[in-house]
Structure formats: C-alpha cells, structure tokens
Amino acid sequence: MSNVFSPLPADVPSIRVTDIKRSYVSGKITNNVLKGNTFDLYPGKLTLIMGPSGSGKSTLLSVISGLLKPDNGRVEINGINLWNLSFRKIEKFRLDHFGFIFQGFNLFDSLTAREQILVLLKYLHSSEKEAYAIADEVLDEVGLSKVKHLRPAQLSGGEKQRVAIARALAKKPAFLFADEPTSALDKENGQIVISLLHKAAKIHNATIFAVSHDPRLLPHADRVITIEDGTITRDQNGGVQQ
Ligand SMILES: Nc1ncnc2c1ncn2[C@@H]1O[C@H](COP(=O)(O)OP(=O)(O)O)[C@@H](O)[C@H]1O
Ligand SMILES: [Mg+2]
C-alpha cells in the first residue's frame, strides 16, 4: 500500500467497518457506547458522522483510526485487518497512512506555520529540499502562503486549523480523520475548513472521516451518517452513487 494518497478506484471500499462494539467499564458499571456498527467508506469522499454529544462519535473515530481497540468486530483498511496487527505495526500504519485533525489544532507555540510542517517531514525522514517543497505546496493548497512565517499566536483560529490541515496533508495520507475540526471556529472559518477537507478528498482521492455535531457542515459532506446512542440511525448519500 502506497502512502502517496489512495491508489484505489472509487467503487472499492477503502475502509470496511463490521459490527463494531465498544464499551467502557468502570467498576461494576458497563457503558455500551458502540452497539454494532457496520458500514463501508470510499476513497475520494468526505463522510460526516453527526450525532449529539455522548453518542459515540469520537469513540467510533478512535476505533477506526487505530487508537482504541474494539471489543468486537473488524476494521479493514485497504483489505488489511487493522486490529489483527501488533501494536507496533498499528503505530507504523497510522504514521504512514493516517492524517489527524482535532478541535484544538495541536500546534507548537514556538514554531512558524511552515516549521510546524517541516518538523513533521524531518521526523518522516524527508530531505531538507523535499521538506521545504512539500511544506510550501501544502500551505499553498490551504491558502496560507502569505502567512507561513507567522507563529500560532499571530494566526486566527481559522488559519491555525488550516495549518493543521496542511500538516496532515504533508505526508500525503490516504486517510484523514477529523474530530470536531470546526467546533472552535466561527461559521465562516468553519465553512472554509470543511470545504478544504472536501477539496482534499477530491484532489487526492483521500478517504475522509469527519466527526461533528455542527449541522452547518452538512452541505459540504458527500455522505452523512447519523449516530444516536451508539447506533447508526441514518445513512444519507451512502456509497459511491451520486
Ligand atoms: N475514556 C473513556 N472512559 C469512560 N467513558 C468514556 C470514555 N470516553 C468516552 N466515554 C463515554 O462514552 C460515551 C461516548 O463518548 P464519545 O465517543 O466521546 O461521544 P461523542 O464524541 O459523540 O461526544 C459518553 O457517555 C462518554 O462519557
Ligand atoms: Mg467527541
């Protein structure tokens, strides 16, 4: 599997989720959070998981992205059974193929927008020349070329999230996971961020799985899965037919 975005054709599922169950146990109390979720995701599509707070969205994202082991069920990524891999292999798989975007941006205070990306690329063993070229390319893709020398304190919330998107795109991941990527942003910046993610799905044929409770994002999704109390209750524009 290449990590230069997704090689799969649009009609082959890139992620297959089968009968996922997950509970949290605390003392004698068991909270059954995910109650048997099954669905396929496709490359080139932005799928939005909507649902009220506490419905299990973040738990589902964590299970699919290799962060939290399910109690039951399978997650297949390009045909690989993710939870059958060793801890080490899952970590490597995530590093090679997954990009993450979170509500809180997770940027280093002391680094410029460009350096946030250069640091990651250095860690991934890119050459210096290649790292600069990629950093500038992804910053251009999210419309931040003019502010690449600024640090987080000098950037707006929307710009910070765009840096986080650029950083996620820099390793050309076939899969992008976003947990409430717009909830710290105003309406306009939220729209910019979600449309950038949508564009990334189209341009790079990436599979994008975004979690949100913000209905303003609905128009920007290719598909909307609704989860309530750990069960999928609606699946609109599912699959590749649209
Ligand atoms: N680490 C945890 N330990 C115990 N319970 C948790 C943990 N994370 C989430 N939960 C519980 O699981 C339920 C679903 O949480 P979550 O997946 O974060 O929902 P959402 O992202 O939709 O708000 C909630 O009742 C929450 O309190
Ligand atoms: Mg959540």
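The values are calculated or read from the model by the stated rules, or taken from the named source; none is laboratory data. Given the structure is predicted, the values throughout are model-derived calculations rather than measurements. Cβ: placed from backbone, ideal geometry, glycine included. Neighbour counts: every protein chain shown. Protein only, heavy atoms only, side chains kept; ligands, DNA and RNA dropped before computing areas. Shrake-Rupley method; radii C 1.70, N 1.55, O 1.52, S 1.80 Å.
Structural remarks
- Which listed pairs, of K21/K122; K92/K146; K148/K187; K35/K171; K89/K160; K21/K199, have C-alpha distances above 28 Å, in listed order: K21/K122; K92/K146; K35/K171; K89/K160; K21/K199
- In degrees, nearest ten, helix 87-97 long axis to first principal axis of the chain (Cα): 50 degrees
- Percentage of interatomic Cα-Cα distances in the stretch 26-151 larger than 25 Å: 44 percent
- Straight-distance candidates among the aspartates and glutamates for linking to K45, with alpha-carbon spacing under 13 Å and chain neighbours fewer than 8 residues away dropped: D11, D222.
- The stretch 15-236 - percent of accessible surface contributed by carbon and sulfur, probe 1.4 Å: 51 percent
- Put simply, the amide H of F175, placed in the peptide plane, has neighbours under 5 Å in G99, T207, leaving out anything fewer than 5 places away on its chain.
- Across the stretch 15-236, the relative contact order, built from alpha-carbon pairs under 8 Å that are at least six residues apart, equals 31 percent.
- Converting phi to 3J(HN,Hα) with the Karplus coefficients 6.51, -1.76 and 1.60 and the offset θ = phi - 60°, the stretch 177-183 yields 10, 10, 9, 6, x, 10, 6 Hz in sequence order, with x at every glycine or proline.
- Degrees separating the helix 187-204 axis from the principal Cα axis of the chain, which is the longest one: 90 degrees
- The base-10 log of I(q)/I(0) for the chain, evaluated at q = 0.13, 0.15 Å⁻¹, reads -0.78, -1.04 [Debye formula, identical scatterers on Cα atoms, solvent excluded].
- Long-range amide H partners of L150 with built H, under 5 Å: A113, R114
- Among the trypsin sites (Lys or Arg not before Pro) within the stretch 1-88, those in coil by DSSP and having at most 10 neighbouring Cβ atoms inside 10 Å are K28.
- Charging the Cβ of each Asp and Glu at -1 and of each Lys and Arg at +1, and nothing else, the dipole of the chain about its Cα centre rounds to 400 debye.
- Accessible surface ranking that places the most exposed of L111, L217 first, with a 1.4 angstrom probe: L111, L217
- When both bridge partners sit in the chain, DSSP labels roughly 55% of those beta bridges antiparallel.
- Amide H contacts for V211 (H built 1.01 Å from N in the peptide plane; partners 5 or more residues away or on another chain; cut-off under 5 Å): I49, A178, D179, E180.
- Sequentially through the stretch 227-232, phi angles give Karplus couplings (6.51, -1.76, 1.60; θ = phi - 60°) of 10, 10, 6, x, 10, 6 Hz, Gly and Pro residues having no value and appearing as x.
- The residues of the chain expose, per residue, 47 Å² of accessible area to a 1.4 Å probe.
- Gap separating the Cα centres of the stretch 175-189 and the stretch 97-144, nearest whole Å: 18 Å
- Where only DSSP H runs of four or more residues are counted, the chain gives -10000 deg cm²/dmol as its mean residue ellipticity at 222 nm, each run worth -39500 (n - 2.57).
- About its Cα centre, the dipole of the stretch 15-104 is roughly 180 debye, where the only charges are +1 on Lys and Arg Cβ and -1 on Asp and Glu Cβ.
- In degrees, nearest ten, helix 128-141 long axis to first principal axis of the chain (Cα): 70 degrees
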